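**Student:** For reference, the structure I am asking about is given below.
Every read-out reported here was derived from the displayed coordinates using simple, explicitly stated rules and does not represent laboratory data. Keep in mind that this is a model prediction, so the values were computed, not measured. Backbone-built Cβ (ideal geometry, glycine too); neighbour counts: all protein chains shown.
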Amino acid sequence: MKREDDFVVLMPAYNEADRIATTIAGIREYCSAEIVVISDGSTDSTAEKARETGAIVIELPFNLGYGAALQTGYQYALKQGYDFAIQMDADGQHDPAFIPVLMKEVQTGRADVAIGSRFLGEGVYHLSLTRNAGVLFFRNLASLLTRQTVTDPTSGFQALSRKAMEFCASEAYPTDFPDADVLIMLHKRGIRFTEVPVRMHQNTKKKTMHSGLVPIYYLFKMMLSILVTLLRTHEHRRQS
Amino acid sequence: MTWQLKTVAVFIGATLFIYIIEMVRKRKLREEYAWLWLFTGMMIVVLSAWYDLLLYLSVLLGGILPSALLFFFGMIFLLLICLHLSVKISTLTDQVKRLSQDIAIMRSRRNIGADYRED
């Protein structure tokens, strides 16, 4: 059931049973919006824990990956008729105090996507050397290709308008690590995005999505995705 | 090419061809996946039975060994089949993802008793 707020909080979660309730409680301190947890084939009690807090739980039958879980959230939000959505991580890394700040950007129509950047002055966030190199590389590439400054292309703390959600719910959205390539796709489709300084908590316990050989695959996938996005001129023209 | 080798090659090609037709007949293999396999089987038969064509092609490609050319073609066909399968897997992955998302959303909406507003 749709609540008073015209936005919804979307939270993909994979085996976050011990943190999900705290994260949801944190969000409720700052907004009364409906919270939707997309349990991405979790094998622990993530779904039950989230349901106990009163959140809506969408349970994917098996692990589809972060991007696909997020996309499920957008599809739900659109079906329920929401005009705006906030996406954030379930591990409490994103500070919910910044939800109203991000939301204001899209609700006032200043942008279709407001990205919470951890590198714009709110708090200090340290990355490992390799991740830092990756962020730096894609930051520059995304800035160059979208002709606007991008500082945090991998941020998962964002506010979206309906127009942006419609793109993210479509088949064109890359569900396999959606990051810098999404920004370029948004830019090509004329969907405006802006960055807002937010605070992110350093999470030492977090089992990162980028470990082992994954960064190499990530680099390859991102470069290929960006390349084909640039080559798909017809698709963008048709849609615009 | 010796007649023994020719016989074996024709036999393998023909068996492959018949086996694929049989699989399609039994509905174990869909027609859309069968065509490339059938084409491969047919090419093996044609190239091994019609030695002059193989010879002509090997001269055309710079006078390489006819038998090496057979291997070369075989590899090209296998590559094409692998590519074809990768494309199909990509489509299936997208379809499975889409289905799981729809099922998950439908289940959650049923659980909360939401109004099934039609899109």
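**Student:** Can you give the three extents of the C-alpha atoms in chain B along their principal axes, from longest to shortest, in whole Å?
**Tutor:** Result, largest extent first: 75, 34, 18 Å.
**Student:** Can you give the relative contact order of chain B as a percent, counting alpha carbon pairs under 8 Å and 6+ residues apart? If you can, show how the numbers build up before the last one.
**Tutor:** Working: 58 pairs, mean separation 24.8, N = 119.
Across chain B, relative contact order equals 21 percent.
**Student:** Then there is this: I'd like the mean, over residues of B:21-29, of how many other protein chain beta carbons sit within 10 Å of each residue's own Cβ.
**Tutor:** Partner Cβ neighbours, averaged per residue: 0.
**Student:** Something else: If each DSSP helix of 4+ residues adds -39,500 (n - 2.57) and the sum is divided by the residues in the protein assembly as shown, what number results at 222 nm, nearest 500 deg cm²/dmol?
**Tutor:** Roughly -18000 deg cm²/dmol at 222 nm, from the helical runs in the protein assembly as shown.
**Student:** Right, next: Could you calculate the FRET efficiency of residue A:63 with residue A:133 from 1/(1 + (r/R0)^6), where r is the beta carbon distance between them and R0 is 25 Å, rounded to 0.05?
**Tutor:** 0.30
**Student:** Going down the table (B:6/B:28; A:79/B:97; A:221/B:26), which pairs top 28 Å between alpha carbons?
**Tutor:** The answer is B:6/B:28; A:221/B:26.
**Student:** Helix B:31-49 sits at what angle to the longest principal axis of chain B, using alpha carbons and giving 0 to 90 degrees rounded to 10?
**Tutor:** The angle comes out at about 10 degrees.
**Student:** Here is a follow-up. Given labels modelled 7 Å from the Cα in the Cβ direction, how far is it in nm from residue A:214 to residue A:32?
**Tutor:** 3.8 nm
**Student:** Okay, moving on. When only C-alpha pairs under 8 Å and at least 6 residues apart count, what is the relative contact order of segment A:7-239, in percent?
**Tutor:** 22 percent
**Student:** If you don't mind, another one. Excluding the sites themselves, what is the longest stretch of chain A that contains no GluC sites (Glu not before Pro) in a DSSP loop with at most 12 other C-beta atoms within 10 Å?
**Tutor:** Working: sites that count: A:4, A:29, A:171.
Free of exposed loop sites, the longest segment is A:30-170.
**Student:** Give the shape of segment A:89-221 as rounded, prolate or oblate, defined through the alpha-carbon gyration tensor: a ≥ b ≥ c are the square roots of its eigenvalues, a/c under 1.5 means rounded, and otherwise the shape is prolate if a/b is larger than b/c and oblate if not. Spell out each step's value before the answer.
**Tutor:** Details: a/c = 1.55, a/b = 1.17, b/c = 1.33.
Oblate, because a/c is 1.5 or more while a/b does not exceed b/c.
**Student:** Which order, highest average first, do B:44-57, A:89-102 follow once you tally other Cβ atoms within 10 Å for each residue and take the mean per peptide?
**Tutor:** A:89-102, B:44-57
**Student:** Return the average number of partner chain Cβ atoms within 10 angstrom of each residue Cβ along peptide B:102-111.
**Tutor:** Working: counts 2, 4, 14, 10, 2, 5, 12, 5, 0, 5.
Counting Cβ atoms of other protein chains within 10 Å of each residue's Cβ and averaging gives 6.
**Student:** Give me the one-decimal Kirkwood hydrodynamic radius in Å for the protein assembly as shown, with the sum taken over alpha-carbon pairs.
**Tutor:** 23.6 Å
**Student:** Full-extension gain between residue A:176 and residue A:6, please, as 0.36 nm times their residue separation minus the C-alpha to C-alpha distance.
**Tutor:** Value of the extension gain: 58.4 nm.
**Student:** I'd like the trypsin sites (Lys or Arg not before Pro) in segment B:37-106 restricted to DSSP loop residues with at most 13 other Cβ atoms within 10 Å, sorted by number.
**Tutor:** Listed in order of number, the matching sites amount to none.
**Student:** I need the helices of chain A that pass two filters: whole DSSP H segments spanning 24 Å or more by Cα along the axis, and mean Kyte-Doolittle score no lower than 1.6.
**Tutor:** A:214-231
**Student:** In a shell of Cβ-Cβ distance under 9 Å around residue A:152, excluding residue A:152 itself, what net charge do Lys and Arg (+1) and Asp and Glu (-1) give?
**Tutor:** The answer is +1.
**Student:** Here is a follow-up. Within chain A, which is the longest segment containing none of the trypsin sites (Lys or Arg not before Pro) that sit in a DSSP loop and have at most 10 other Cβ atoms within 10 Å?
**Tutor:** Of all site-free stretches, the longest is A:1-146.
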